[in-house]
1. R0 = 22 Å: FRET efficiency of ASP77 with GLU26, Cβ-based, nearest 0.05?
2. Of the residues GLY15, GLY69, GLY109, which exhibits the maximal mean-square fluctuation in a Gaussian network model of the chain defined by a 10 Å Cα contact cut-off?
3. Using the Karplus curve 6.51 cos²θ - 1.76 cosθ + 1.60 with θ = phi - 60°, work out ³J(HN,Hα) for each residue of segment 113-123 in order, rounded to whole Hz, and write x for Gly and Pro.
4. Under a plain spin-label model, where a point goes 7 Å from the Cα along Cα-to-Cβ, how far apart in nm are ASP103 and ILE132?
5. Give the residue from GLY68, ALA49, VAL137 lying farthest towards the positive end of the charge dipole for the chain; charges sit on Cβ (+1 for Lys and Arg, -1 for Asp and Glu) and the dipole is referred to the Cα centre.
6. Over what distance in Å are the Cα centres of segment 15-32 and segment 70-101 separated?
7. For ASP39 and ARG86 in one chain, what is 0.36 nm times their gap in residues minus the Cα-Cα distance, to one decimal in nm?
8. Only Cα pairs within less than 10 Å get springs; with that Gaussian network setup on the chain, which residue of ALA114, ALA21, ALA63 has the largest fluctuation?
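The values are calculated or read from the model by the stated rules, or taken from the named source; none is laboratory data. What you see is a predicted model, and the numbers here were worked out from it, not measured in a lab. As a convention, Cβ positions derive from the backbone with ideal geometry for all residues, glycine included, and neighbour counts pool all protein chains shown. Protein only, heavy atoms only, side chains kept; ligands, DNA and RNA dropped before computing areas. Shrake-Rupley method; radii C 1.70, N 1.55, O 1.52, S 1.80 Å.
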Amino acid sequence: MQQTDTNIVIRNPFGAMDVPAPDDREVMDYAAIATLAGDAADVNAAAWAPIATPSDPLDGIWASRWNGGADPTIAGDTPEKWKQGRAEVRVAGNRIYLRFDWDNGRRHGLIDAARQGERLVGKYINLTNPAIARPWVGRVVDAARIDGCFPNGRLDFRR
């Protein structure tokens, strides 16, 4: 996609700011140690999303939630609290883009990840505060569940 005003080429299919260097050394170092079992004991195993599962692949509307950091713009937030929102997943070749929000749609994030079988390896950027970017590793458990983690906590998706 290309923005006509600036001639900046955008990689992600949402037209949002791209995640900077989604395959850099920090991401690869984190991916080497991050593990997601994808089993019934995982914190994302229980159904928590109010979105019906379509019969299509990963593309489409999802629910998102994350923890592991306190959002200073949310009164009383703590790292342990889940921040939930809506998400949209778009697959483009071997890349998966996960755009999501929280705080009733006031905050937005984007993940750009390479698909390596069921494993997703990439980076997250906070589109509301682009200074915040972190490595992210995910696991596609099935068409209704993507488990994810970043160095401080979890960033999961469900339908």
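1. That gives a FRET efficiency of 0.30.
2. Answer for the Gaussian network model of the chain: GLY15.
3. 9, 8, 8, 10, x, 7, 8, 10, 10, x, 9
4. Result for the modelled spin labels: 0.7 nm.
5. ALA49
6. 16 Å
7. Length difference between fully extended and current span is 14.6 nm.
8. Taking springs between Cα atoms under 10 Å, the residue moving most is ALA21.
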